[in-house]
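First up is the structure itself, then whatever we jot down about it.
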């Protein structure tokens, strides 16, 4: 009996404590609302000035405080207006902490300051909106406020169905979740479900559009300067389909993306970003190309920092398969890398670009202001170039194409020389190919390897797409075409051939050129292949007796 009384006493004590704490929390929330409302209205006034229209404000109406919960109505309306039917009404139910009833019934027992449920209320202004949502609020927001003032938002978007004349719009709804810290400089976002369908049968451009299955998540950290300091995101699934007039269709399936970036000490963004599309289908766009599909589209960018604080950029783009009228044209991959950019100058360049974009979005900027800003930005970039490029940046560009008969590759490499600090020093060399190469290039190479069978197959496939050319005839014509195209280059030693492999090898370093196995001075190479007119005033420097003999 004694134990039972003690247990009851404990329960009563806890209940009293909860009641007292909840009442106190409700009182704090009431006192806090007015100050927060003033801040919100200050933001509204700054972002939406009068400019010929009525000022708008968020008004607090009908605050009712209870022990465990409170109710309040907010109205977004013209300033000073008391007609709620002309405004947008938000109803909010506030469950007081430390254990909000709204959380307790969901078995969420962590202490919280409050949980707020907000939704739209039907009135004359929103009458049509409620009709297309079948008398449901377009959205509901459940906001959880922690004692650290961290925020969590659960947003449910209601399904929408609307038909007007012959136009229909459908949206199946979506769920959005946002978590933010008390400074609102770190937050995460997730979106699930969603989609959209629009039918416009009388449109001359798009008859229908559908979007399905969105799954997105992101995490954002803002720096003290209000610039993004860290960002990561993923998106997967998704399908977009367009129906156009004349039975033309476009569908995009399995859209994906991911990113993970952060700012370094100089303000440059480092990390990786990737995008992918499973398949793009196009139908009915011409009599010859009735069906086209592009599969396995992907791109990625990696920006990194080496031990010397230099910035390295690497990008790649690829397509696994291109099919036209069920004819497989093959795959292609393209890459680009630019390495050894000075880290500090790179950060300064990004800051200047950011400042320019920020200024260009301001409403008070006219065309003359933007032109002045552009001129200044160009001057700043030119001034930064010597510092940005002072570590001999390297450019690499690989390209490859493959079909069922073979592969072709092209690889270009270029290392930049030390640049003069004064851009005017270039004035004396512009127009002179030899001087430009010496001034800009520390070394340079171009390697090309092509399968002759691959070239014949490519030309043959493209000529049979329409279905009007016999495959055997296409192959014979393609062989003749490839032989005709290559013969001139082979006779001039611009290309070499070994079996099925057609190649070009060029390498420049320290004023020497090696081209398809033969060695030249830079001047002799340019002269022999028609890139410069004559020896002229270079005669003393390039005496013929000093030129290496071409092997």
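When each of 510, 505 is tested for being farther than 30 Å from residue 424 by Cα and in contact (Cβ under 8 Å) with a residue 24 or more places away in the chain, the lone residue that passes is 505.
Against the list (1) assigned to a helix (DSSP H, G or I); (2) modelled with pLDDT under 90, the condition residue 364 fails is (1). Given (1) surrounded by 14 or more Cβ atoms within 10 Å (Cβ to Cβ); (2) more than 15 Å from residue 405 (Cβ to Cβ); (3) in contact with a strand residue (DSSP E or B) (Cβ under 7 Å, 6 or more places away or on another chain), identify the lone condition not met by residue 461. Of the numbered conditions (1) surrounded by 14 or more Cβ atoms within 10 Å (Cβ to Cβ); (2) more than 15 Å from residue 405 (Cβ to Cβ); (3) in contact with a strand residue (DSSP E or B) (Cβ under 7 Å, 6 or more places away or on another chain), the odd one out for residue 461 is (2).
With respect to residue 473, determine if the residue is surrounded by fewer than 14 Cβ atoms within 10 Å (Cβ to Cβ) and either out of contact with any strand residue (DSSP E or B) (no Cβ under 7 Å at 6 or more places or on another chain) or free of Cβ contacts under 8 Å to residues at least 40 places away in the same chain (or both).
Values: surrounded by fewer than 14 Cβ atoms within 10 Å (Cβ to Cβ): yes; either out of contact with any strand residue (DSSP E or B) (no Cβ under 7 Å at 6 or more places or on another chain) or free of Cβ contacts under 8 Å to residues at least 40 places away in the same chain (or both): yes.
Taking the combined requirement at face value, the residue satisfies it.
A count restricted to the range 191-202 and to residues that are surrounded by 15 or more Cβ atoms within 10 Å (Cβ to Cβ) and in a loop (DSSP other than H, G, I, E, B) stands at 1.
Would you confirm whether or not the range 469-479 contains a residue that is part of a helix (DSSP H, G or I) and under 37 Å from the mean Cα position of the chain (by Cα)? For the range 469-479, residues part of a helix (DSSP H, G or I) and under 37 Å from the mean Cα position of the chain (by Cα): absent.
Scanning the range 160-173 for residues being surrounded by fewer than 15 Cβ atoms within 10 Å (Cβ to Cβ) and outside any strand (DSSP E or B) gives a total of 2.
Every residue, every condition in (1) at pLDDT below 80; (2) in a strand (DSSP E or B), yes or no:
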| position | (1), (2) |
| --- | --- |
| 57 | no, yes |
| 107 | yes, no |
| 117 | no, yes |
| 125 | no, no |
| 136 | no, no |
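Within the range 277-301, restricting attention to residues that are under 30 Å from residue 311 (Cα atoms) and at pLDDT 95 or above, which residue is farthest from the chain's Cα centre (by Cα)?
First pass over the range 277-301, keeping only residues under 30 Å from residue 311 (Cα atoms): 277, 296-301.
When the remaining residues are screened for being at pLDDT 95 or above, the result is 296-301.
Values: 296: 18, 297: 15, 298: 13, 299: 11, 300: 11, 301: 11 Å.
The extreme case among them is 296.
Check the range 77-86 and report whether any residue there is surrounded by 18 or more Cβ atoms within 10 Å (Cβ to Cβ) and in contact with a helix residue (DSSP H, G or I) (Cβ under 8 Å, 6 or more places away or on another chain). Yes. Screening 417, 396, 392 for residues that are within 22 Å of residue 342 (Cα to Cα) and surrounded by 16 or more Cβ atoms within 10 Å (Cβ to Cβ) leaves exactly one candidate, 396.
Yes/no matrix, rows are residues, columns are (1) surrounded by 15 or more Cβ atoms within 10 Å (Cβ to Cβ); (2) under 27 Å from residue 299 (Cβ atoms); (3) in contact (Cβ under 8 Å) with a residue 24 or more places away in the chain:
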| site | (1), (2), (3) |
| --- | --- |
| 175 | no, no, no |
| 189 | yes, yes, yes |
| 219 | yes, yes, yes |
| 229 | yes, yes, yes |
| 235 | yes, yes, no |
| 241 | yes, yes, yes |
| 254 | yes, yes, yes |
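Being surrounded by 18 or more Cβ atoms within 10 Å (Cβ to Cβ), within 33 Å of the chain's Cα centre (by Cα) and more than 30 Å from residue 203 (Cβ to Cβ) is a property that residue 137 has.
The values are calculated or read from the model by the stated rules, or taken from the named source; none is laboratory data. Bear in mind that the values here come from a model prediction, so they are computed numbers and not experimental data. Because the Cβ atoms are built from the backbone with ideal geometry, glycine has one as well, and the counts that use them run over all protein chains shown.
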